[in-house]
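FYI, it's all coordinate maths here, none of it is from the lab. Quantities reported herein were computed from a predicted structural model and do not represent experimental measurements. All Cβ positions, glycine included, derive from the backbone under ideal geometry; neighbour counts span all protein chains shown.
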Amino acid sequence: MLCGRWRRCRRPPEEPPVAAQVAAPVALPSPPTPSDGGTKRPGLRALKKMGLTEDEDVRAMLLGSRLRKIRSRTWHKERLYRLQEDGLSVWFQRRIPRAPSQHIFFVQHIEAVREGHQSEGLRRFGGAFAPARCLTIAFKGRRKNLDLAAPTAEEAQRWVRGLTKLRARLDAMSQRERLDHWIHSYLHRADSNQDSKMSFKEIKSLLRMVNVDMNDMYAYLLFKECDHSNNDRLEGAEIEEFLRRLLKRPELEEIFHQYSGEDRVLSAPELLEFLEDQGEEGATLARAQQLIQTYELNETAKQHELMTLDGFMMYLLSPEGAALDTTHTCVFQDMNQPLAHYFISSSHNTYLTDSQIGGPSSTEAYIRAFAQGCRCVELDCWEGPGGEPIIYHGHTLTSKILFRDVVQAVRDHAFTLSPYPVILSLENHCGLEQQAAMARHLRTILGDMLVTQALDSPNPEELPSPEQLKGRVLVKGKKLPAARSEDGRALSDREEEEDDDEEEEEEAETAAQRRLAKQISPELSALVVYCHATRLRTLHPAPDAPQPCQVSSLSERKAKKLIREAGNSFVRHNARQLTRVYPLGLRMNSANYSPQEMWNSGCQLVALNFQTPGYEMDLNAGRFLVNGQCGYVLKPACLRQPDSTFDPEDPGPPRTTLSIQVLTAQQLPKLNAEKPHSIVDPLVRVEIHGVPADCARQETDYVLNNGFNPHWGQTLQFQLRAPELALVRFVVEDYDATSPNDFVGQFTLPLSSLKQGYRHIHLLSKDGASLSPATLFIQIRIQRP
């Protein structure tokens, strides 16, 4: 726990002059003036800080390009695209003008930039344009790809290279740099006549833009205190002084002064004491000295191993000062245990980009799932024309894609983010001939990636490990018994897997289709090595015990029934073999269920609709946020032991107390950019998702009209019985007395990866994109027996 007493300076008498020299805050760089490259455009200051003002590709993007947007074989419309001077957004022309926020996209929301015909849209509709002239901008979340064709190959390359440089520079920026970049981009927008001077009216406009409704008298007083030239205009150093006052963090200053004493700088021993009170593992004097060298901005302070307030803020705003344990952001878990010992990120109806009734199917949905760390994808396979199997949601209006195109997407994108194995979950509705075609495509396209025979293993009674299967693709499907002939028949994947919950879909199939689906091709059967789809008939080990290679698929309803009625037996079952859980077919809008209940029982493949944002996908992202986001997370020991006594319905007495003091928030986004006077009234809710006895939520009061720097100082406390399974979700909402609150941002992470002490939470949007520089500042205490 942090100590609140004031300390005297412990340095020798000769040091105070140095301390006095560095204690003053480091000035932010001034906005450019006409002498800065002969421009009066303060927006270019952002690009200057990024070191890209002289980059030829970026300069060309600032001028803009007329690019053809490609939507179909006949829809090729020329539009103007231009990089904004903030370096963070791209403006684009629309046929029908809309609100300003509908004419831009943000660089930080870009998932990937691809050259040539590297998207489904360009492969289908871009034949009239040479691949060298084409590019695709893929976005995070549900936003559709932007397929473009440039007038020349060189212009296309400029946009590919320029966007790649901007994304790389943005990723490399510190939180303090992002904040500086963010505030100056708003400063540029508020400077209505672009004269690099700010009137009080323009300052008021700036305040509304950054989500703060400041009293006019207080705002004017602050304005006049900074107007040293007394001409009712702020410029240069006066603007920087105003911004510094606006961005002050009194709560951080108070913490800093508790440890720095009267001289207002931290020595390495004082910083060490702060780290120890934070509960930092490996806190040593050498570590404190390293942090000073890394985050201190003042060179004189750095030379004397001192940290100023600015350096302290840089540290607390960095990943090392965040709530997520940075040692958990890389692969840190044992990856040599059997596959059944891991939670595995899994997708349901992966091919869909919208609802399962009439939404489009697309290979891009697989690419996006892989980009989110998904390791188990579903292929819903049906008879297609010309002997080619297709993928779509059967008996609905969803569009169709070729099976072979999906397999090619797996080959090209499955291992870009994670090297660990991918499972193809086949829902097979094809006859023997097209099943053989499926097997042929899998073999020829995937080649050595495909697992076609069992690995040499010292323990054949266990599944191989993720480490053993690096870079490999597994097929999950029905397998013919060894004694069956080529014409032998077996139940299809679907009939084996699904239960009464899906009867309405079963009835939709014709008798002929059911007969086709009951046949299993020997060619396809041969590719099912470690994931044999079988029906779960009993949870109690029979004389002929279940084999580890058997995989059961259960609807969410059946899984919940097993958890309620046979919790511990289900846990033991999942310690030995894989279980896949999928949403009810009744969820026509592709809504999701909470995956936490399934994880509580050790189910590995908890399949969700990745195309549907919501708290369920937030939980999934939080669960797989750690371990390098590789899509595999080692289950707690109580879920890996074959003789485990753990029952999620009866986890025992409380073992851990979690206390979270919600202190402040910073730079929350405006929810309605088109209404300048619309300011959020934020509140913070903390949710615990774990075993049923641990699930809880508490929230703060709301703060009226302040999304810029609201303060709460409220403590929320939770008692936990199974902390090793708990996820903590931080949610910020805009309070509304007459209607449901509006979502502002969230962040979810495992309790086991939550660091104690004063921490920042870096908020994410509904689609999982960064809302930088929006943060929460909290104090965390975890008390264990």
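Some notes on this structure:
- Residues whose amide H falls under 5 Å from that of residue 554, counting only those 5 or more places apart or on a different chain, are 580, 581, 582, with hydrogens built in the peptide plane.
- Segment 60-146 - convex hull of alpha carbons, volume per residue in Å³: 106 Å³
- Positive-pole candidate from 562, 414, 175, dipole of the chain, charges at beta carbon: 414
- Based on every Cα atom in the chain, Rg and the maximum pairwise Cα distance Dmax equal 28.8, 95 Å.
- When +1 charges are put on Lys and Arg Cβ atoms and -1 charges on Asp and Glu Cβ atoms, the dipole computed for segment 174-245 relative to its Cα centre reaches about 220 debye.
- Degrees, to the nearest 10: 153-172 long Cα axis against longest axis of the chain: 70 degrees
- Top positive-direction residue, dipole computed over segment 134-244 with Cβ charges, set 230, 162, 148: 148
- Compared with the dominant principal axis of the Cα atoms in the chain, helix 216-226 is inclined by about 60°.
- Cβ-placed point charges (K, R +1; D, E -1), dipole of the chain about Cα centre in debye, nearest 20: 1720 debye
- Per-residue ³J(HN,Hα) for segment 651-665, Karplus 6.51 cos²θ - 1.76 cosθ + 1.60, θ = phi - 60°, Hz, x for Gly and Pro: x, x, x, x, 10, 9, 10, 10, 10, 10, 8, 7, 8, 8, 10
- Note on residue 781/residue 102: beta-carbon distance plugged into 1/(1 + (r/R0)^6) with R0 of 30 Å gives a FRET efficiency of 0.10.
- Summary of packing: across the peptides 71-83, 380-392, the per-residue average of other C-beta atoms within 10 Å ranks them, highest first, as 380-392, 71-83.
- In order along segment 292-304, the Karplus-derived 3J(HN,Hα) couplings, from 6.51 cos²θ - 1.76 cosθ + 1.60 at θ = phi - 60°, round to 4, 5, 7, 10, 5, 8, 8, 5, 5, 4, 4, 4, 9 Hz, and Gly and Pro are given as x.
- Nearest-20 debye value, segment 654-781 charge dipole, Cβ charges on Lys, Arg, Asp, Glu: 500 debye
- Extreme residue, positive dipole direction of segment 248-315, given options 297, 256, 312 (C-beta unit charges): 297
- Residue 297-residue 66 pseudo-label distance in nm [points 7 Å out on the Cα-to-Cβ vector]: 4.4 nm
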